[in-house]
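K.L.:
Let me begin by handing over the structure; questions about it come next.
The values are calculated or read from the model by the stated rules, or taken from the named source; none is laboratory data. Owing to the predicted nature of the structure, the values given are computational and were not obtained by experimental measurement. Neighbour counts run over all protein chains shown; Cβ positions are idealised from the backbone, glycine included. We work out accessible area using only protein heavy atoms, side chains counted, and drop any ligands, DNA or RNA first. Shrake-Rupley method; radii C 1.70, N 1.55, O 1.52, S 1.80 Å.
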Amino acid sequence: MTATLDHRITSGSTATRSTVTRPSERSTSRPLVGSRVTAPGRADQPLGAPGPKKAAKIHIANPQLHLSTKPAAVVLRAARLHGPVFRDAASSASGLSISTVNRQVSALLKAGLLRERADLAPAGAIGRPRLPFELNTSDFLTVGIHIGLKVTSITTHDLFHRVVGAIQIPTPVADTPEQTLTSIGLSAKRFLSRWPNKKMLWTGVALAGRVDKAGRNTHPRLAWESAPVGEVLASVIGLPISVASHVEAMAAAELLLNPQAELLVDPAKEGGSFVYFYARESVGIAFTVGGSVYTPAGGPPEIGHFPVGKTELLDPTGTGQLESTVSDTGIVDAAIAAGLAIENVDEVHQLAAEGNGVARAILAERAEILGRAVGLIADIFNPDHVVLGGQAFTDAPSTLPMLAQAVRETSVAPRRDVRVSRSGATVQQQAAGAVSLDAIYSDPIEALAHTA
């Protein structure tokens, strides 16, 4: 679900804001960090102490971030989009034969992911095919973790991808990535204890930087090099796990939150494409075509180093680079350099809302710089749509007309369909949720084999 922000943009566009209070962006609190992860059987183990317990089996999945065409996944998607739905209607909507739908529904009912609604059966109907089915939202949850530079969010999601519960913690500061990840994992495990009667299926992690197929992350701003994100969090939380670059995860969430019937039934039928452009503390892009998020072998495209040209208020130290100029930290630095007595980006937005001219000028300049970057990226990929996500867009709706004008003046295309994601301040949560559900949505029966 997106709000259109093409060249017909109106300043009345609004964004959905999270009800969770965000910690100060300049919080100096340092939460207790969990114990360092060590290998079993260390030499410093006390003599005569019991041997280490056998390590739990770890399953790290490579996220697909696409709309799967596997029959079980298609039937599960039909239940998510159209349920309660009858089998013949699911067959018509999906293009699968009725016998294939029957087999997949039976398997998914047995697995517990679907449930039948006998109360909705037509009067006089005989036989199970006349019982509609829907997703089972009563028994299962997944956990999503978005690790940000300053704030980490932990969420639980039902099979509809809806947020069931959410907390935010300052991203732990520790000596090693393993310590940071262990602390996050312990926080997640405590959080999951609020649902003792639910079966937790999967963990999904989204974060900036590059993620390899083994779930290791290289994150320059956190000073991580091949940090074992998947291994550590799977060990601590005790669930199978998927790890993805957060902008690609946001693009995947956009696929889930903005269903287009033709595309979802058979992604091969549509060549629809969009570029997802994210900006908050970091900037990044992802490209989606035909129902799949394109993931280059070398990792997601990097645009943080793009030149920004001459600035008036932003980039007071003269870095000349996009990310350091338009990030939340960059906005705070520019505001302080301009003499504003603020501590975090929320206070800049507040001053702008109260009519402070300097704060308004800083946010307007950011919108113009982002608009030029969006226009250039759009010309490179030439997508059907551009989707803007992140608080740099959604927390400053009054600057969107300036952004649209910058896109229009920069792009060589006569018209660009540019939209703002309605995820608003929940975009990070939705991204982590998309990763947590990726294995179930891609191949539900196979995924459940790893959750026993």
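K.L.:
Taking the conditions exactly as written (closer than 23 Å to ALA251 by Cβ and in contact with a Lys or Arg (Cβ under 9 Å, 6 or more places away or on another chain)), does VAL332 satisfy them or not? If you could, list the steps in order and put the result at the bottom.
P.N.:
On the way: closer than 23 Å to ALA251 by Cβ: no; in contact with a Lys or Arg (Cβ under 9 Å, 6 or more places away or on another chain): yes.
No.
K.L.:
What do you reckon, is ARG210 over 17 Å from GLN428 (Cα atoms) and basic (Lys, Arg)? Spell out how you get there, then give the answer.
P.N.:
Working: over 17 Å from GLN428 (Cα atoms): no; basic (Lys, Arg): yes.
Spelling it out, it is not the case that ARG210 is over 17 Å from GLN428 (Cα atoms) and basic (Lys, Arg).
K.L.:
In the stretch 267-295, what count of residues is obtained for those that are assigned to a loop (DSSP other than H, G, I, E, B) and either within 27 Å of ALA93 (Cα to Cα) or more than 18 Å from the chain's Cα centre (by Cα) (or both)? Break it down into steps so the answer makes sense when it comes.
P.N.:
Step one: of the stretch 267-295, the residues assigned to a loop (DSSP other than H, G, I, E, B) are 270-272, 280-282, 290-291, 295.
Next cut, either within 27 Å of ALA93 (Cα to Cα) or more than 18 Å from the chain's Cα centre (by Cα) (or both) only: 270-272, 290-291.
Residues that pass the stated criteria total 5.
K.L.:
Got at least one residue in the stretch 381-390 being part of a loop (DSSP other than H, G, I, E, B), in contact with a Ser or Thr (Cβ under 9 Å, 6 or more places away or on another chain), open to solvent by 50 Å² or more (accessible area, probe 1.4 Å) and within 30 Å of PHE274 (Cα to Cα)?
P.N.:
Start the filter on the stretch 381-390 by keeping residues that are part of a loop (DSSP other than H, G, I, E, B), which leaves 382-384, 390.
Right, trim to in contact with a Ser or Thr (Cβ under 9 Å, 6 or more places away or on another chain) and you get 382-384, 390.
Right, trim to open to solvent by 50 Å² or more (accessible area, probe 1.4 Å) and you get 382, 384.
Retained after the next criterion (residues that are within 30 Å of PHE274 (Cα to Cα)): 382, 384.
Yes, the stretch 381-390 has at least one match.
K.L.:
Additional query: Considering the stretch 332-366 alone, what residues qualify as being assigned to a loop (DSSP other than H, G, I, E, B) and charged (D, E, K, R)? Show your work before the answer.
P.N.:
Keep residues of the stretch 332-366 that are assigned to a loop (DSSP other than H, G, I, E, B), which gives 338-344, 354-356.
GLU343, GLU354, listed by residue number.
K.L.:
Given (1) of a type outside the set (Phe, Trp, Tyr); (2) modelled with pLDDT of 95 or more; (3) within 30 Å of VAL358 (Cα to Cα); (4) open to solvent by 40 Å² or more (accessible area, probe 1.4 Å), identify the lone condition not met by ASP443.
P.N.:
(3)
K.L.:
State whether the residues of the stretch 354-375 include one that is surrounded by 18 or more Cβ atoms within 10 Å (Cβ to Cβ) and at positive phi.
P.N.:
no
K.L.:
Can you list the strands (runs of 3 or more DSSP E) lying wholly within the stretch 121-232 that have 3 or more residues being open to solvent by 20 Å² or more (accessible area, probe 1.4 Å) and more than 17 Å from PRO63 (Cα to Cα)?
P.N.:
163-170
K.L.:
Select, from THR137, THR100, THR152, THR156, the only residue that is closer than 25 Å to ILE440 by Cβ, among the polar types (S, T, N, Q) and in contact with an Asp or Glu (Cβ under 8 Å, 6 or more places away or on another chain). Please lay out each step first, then the result.
P.N.:
Values: THR100 fails: in contact with an Asp or Glu (Cβ under 8 Å, 6 or more places away or on another chain); THR152 fails: in contact with an Asp or Glu (Cβ under 8 Å, 6 or more places away or on another chain); THR156 fails: in contact with an Asp or Glu (Cβ under 8 Å, 6 or more places away or on another chain).
One residue alone meets the criteria, THR137.
K.L.:
I would also like to ask the following. Taking only the stretch 75-113 into account, find how many residues are open to solvent by less than 30 Å² (accessible area, probe 1.4 Å), farther than 14 Å from LEU159 by Cα and aliphatic (A, V, I, L, M).
P.N.:
Of the residues in that region, 4 qualify.
K.L.:
Taking the options ARG419, ARG415, ARG408, name whichever one is touching a residue at least 60 places away in the same chain (Cβ under 8 Å), part of a loop (DSSP other than H, G, I, E, B), open to solvent by 10 Å² or more (accessible area, probe 1.4 Å) and basic (Lys, Arg). Before you say what the answer is, go through the steps one by one.
P.N.:
Working: ARG419 fails: part of a loop (DSSP other than H, G, I, E, B); ARG408 fails: part of a loop (DSSP other than H, G, I, E, B).
None of the other options fit; the residue is ARG415.
K.L.:
Any residue at all in the stretch 190-206 that's among the aliphatic types (A, V, I, L, M), within 18 Å of the chain's Cα centre (by Cα), modelled with pLDDT under 95 and within 27 Å of GLY290 (Cβ to Cβ)?
P.N.:
no
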